Each structure stands twice: as structure tokens, then as C-alpha cells.
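What follows is a short report on a single structure.
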Amino acid sequence: MTQTENSDGYVIARTQSEYERLKIQAKVWQGLTERVLAAAGLEPGMSALDAGCGPGEVMRLMGRMVGPEGQVTGVDIDPEVGAYGVTRLREEEGRDFTFHAANLLDGGLVPGAPFDLVYCRFVLMHMADPVVMIRRLAELLKPGGTLVVMDYIMDTMRAAPDDPVLERGMQVLNETLVAGGRWIDAGLRLGEWFDAAGLPMPMGADMQGRYEVGSSNSMLAMAVKGFAPMGVELGVLGAEEAAALPGEIRAVLAKGKHCLHWPTVTAAWTRVGQGAPQ
Ligand SMILES: C[S@@+](CC[C@H](N)C(=O)[O-])C[C@H]1O[C@@H](n2cnc3c(N)ncnc32)[C@H](O)[C@@H]1O
């Protein structure tokens, strides 16, 4: 994986193991996501877009909530992740899902638009300019449609007891985002970015944390593995350390003596009056 392969500047490797990490991560935040989609008003018969859908686990939840009369579309810039997700979803859920491979920032047509609800999770933190993305998402809504965004506050991540390997893993994630010009406090800025995009301030908000008791299958090790190639490109760590660090993190956590505060996730939603920002 080189920076050239992620020509959009996305800092995470696009590999099968990263797609699996996204699926595991989706399970962690499933409860919050369902609660937020329900509170934001997703109902049977509606049309919904998952913007930056990855392997499509939120599309699965949306499909169950909108029922057979509703429609679910996913868009991702990575054609492989969407194809992988949608094929599996159709088989497992026994219903149709639409996947469209596109860079949302290009402003092209999205099949099924305009939507009743547009949802976007763990994408804004990866944008050079999240406000541009929010304006684009608002354009894809019907008048009165709802925009829902969710993101991490990465710099809330902590481990105890202190351990230099775990500290280094957390540092690599945050420094790679910063070096790539991305956001470690996206979850804190959701309202600020709505406002800057000309949208109403959030009409609803929610948040959730996660306390992870050390395990050999740590999200931290998986995330470091996904971020490390771009971290190497950006000079955050060397290739040798990138290869060794995920295993070292797993070895520390396998002792079963450490607990992690996984970064807090926030959610915010708002209704967009005219279907596009003013
Ligand atoms: C961290 S993943 C999150 C995936 C999914 N939303 C989830 O919560 O599991 C971010 C996703 O956004 C996609 N993405 C990044 N920039 C994009 C863009 N400009 N247009 C469409 N998709 C984009 C990436 O390819 C990746 O699949």
C-alpha cells in the first residue's frame, strides 16, 4: 500500500483485513447507530443513503428499519469494499441494496437520490475539508430530509495501566491522521461543521464510549495495522516498526492486564429545510 494507491488521501489501507476490521468495528457501535437512526426518524418505507458505506454494516441496519418498501443505497469511493459488502448483504438479508462506487466530493449523480435520510459514519474525520462533504451530503436530501453524522473523538483514547507499546499504538493513529491533514477531534466538531456548511445546528445528538478489557484480538492492533502503511508514507513511523507494532500490541493485551478506553463516538443530526444548504 502506498500513498499513490490512496490517491484521495485516505489514511487507512484498503485491504481485506481492513474490511474485516470495519465489520468488527461496526458491531461495537451497532447499538448507538440503531438508537441514533431511530431517534433521527428512520422509518419503514423511507429511502436512505449510507455515505462512505465501507463493507455496508449500516446499510444492513437501515434495510431492517426501512423494511421491504424502503430503499437503501451505499456509496463508497472504493469499488471493492462496496461490491464485497453488497453481495454479502443481499444473500444474508434477502433483500435488495444498491451500491454505487463514486467519490462523493465529485458531485455526480447518486442512484436513488434525493433521500429521506443521509447517514455518514467515520468519514468526516478523513476529509481534508469536512464542511465541503457536509454540503454535498445535504444536496442529496429531499426537502425536509435528515442528515445524520457520527464520528470519533480520537484523542480521548487511553490505556491503563500505562504501557509504552500501547501508548505508541495510540500515538501512531493520531499522528498519522494529523500528518495526513485529517481530524482527531471530528466527533467534537459535528455541530460546528453543520453551522459552517449553512445547515441548522443539530436537532439531536448522542454519544457512546467503550471500555475494552485487554484481548489478543484488539481493535487497537487492527487499527494500527490499517493506519501504519500511510503512517510510514507520512514519516510517522518506520517500516520495521510498522510491521512489528500490531503484534507487540496484541502481546501486551494478551496478558489480560490492560484496559482501553476506546475513543468516544458522537452522533448529531439535523433536518435540512430546502434539501440543500443556504
Ligand atoms: C473508516 S471507513 C468507514 C466505513 C463505514 N461508514 C463504517 O462506519 O463502517 C471510511 C469509508 O469512507 C470511504 N470514503 C472516503 N472518502 C470518500 C469519498 N470522498 N467518497 C466516498 N467514500 C469515501 C472510504 O473508502 C471508507 O470505506
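Assorted remarks:
- Using a Förster distance of 22 Å, the FRET efficiency for A179-R210 (Cβ separation, nearest 0.05): 0.30
- Amide H contacts of G74 (H built 1.01 Å from N, under 5 Å, at least 5 apart or other chain): D50, T98, F99, H100
- Per residue solvent-accessible surface (Å²) - the chain, probe of 1.4 Å: 41
- Stretching K142 away from A244 to a fully extended chain increases their span by 31.9 nm, per 0.36 nm per residue minus the current alpha-carbon distance.
- Of all the options G94, G107, G45, the one that moves most in a Gaussian network model of the chain with Cα springs shorter than 10 angstrom is G94.
- Helix-only arithmetic for the chain: the sum of -39500 (n - 2.57) across DSSP H runs with n ≥ 4, divided by the residue total, places the mean residue ellipticity at 222 nm at -12500 deg cm²/dmol.
- Charge sum, other residues only, whose C-beta stays under 13 Å from V28's C-beta, Lys/Arg counted +1 and Asp/Glu -1: +2
- Taking Cα centre as origin and charging only the Cβ of basic (Lys, Arg, +1) and acidic (Asp, Glu, -1) residues, the dipole magnitude of the stretch 77-160 rounds to 180 debye.
- Within the accessible area of the stretch 61-100 (1.4 Å probe), percent carbon and sulfur: 48
- Residues M46, M157, M207, sorted by accessible area with the largest first, give M207, M46, M157 [1.4 Å probe; ligands and nucleic acids excluded].
- Heavy-atom accessible area for K225, with the other protein chains in place and a 1.4 Å probe, reaches approximately 110 Å².
- Placing unit charges on the Cβ atoms only, positive for Lys and Arg and negative for Asp and Glu, gives the stretch 191-250 a dipole magnitude near 220 debye about its Cα centre.
- Highest-first arrangement of 62-69, 47-54, where packing means the average Cβ count within 10 Å: 47-54, 62-69
- Diffusion coefficient, µm² s⁻¹, Stokes-Einstein with Kirkwood Rh over alpha-carbon pairs of the chain at 37 °C and 0.692 mPa s: 172
- 26 Å Cα-Cα reach of K255 towards lysines, excluding residues that sit fewer than 8 places from it in its own chain: K23, K27, K225
- Long-range HN-HN contacts of G204 with modeled amide H, under 5 Å: W269
- Placing unit charges on the Cβ atoms of the charged side chains and taking the dipole of the chain about its Cα centre, the candidate lying farthest along the positive direction among V172, A243, F99 is F99.
The values are calculated or read from the model by the stated rules, or taken from the named source; none is laboratory data. Computed from a predicted structure; not experimentally measured. With ideal geometry, Cβ positions are generated from the backbone for all residues, glycine too; neighbour counts draw on all protein chains shown. The protein model used for the area step is the full one, side chains on, heavy atoms only, and it has no ligands, DNA or RNA in it. Shrake-Rupley method; radii C 1.70, N 1.55, O 1.52, S 1.80 Å.
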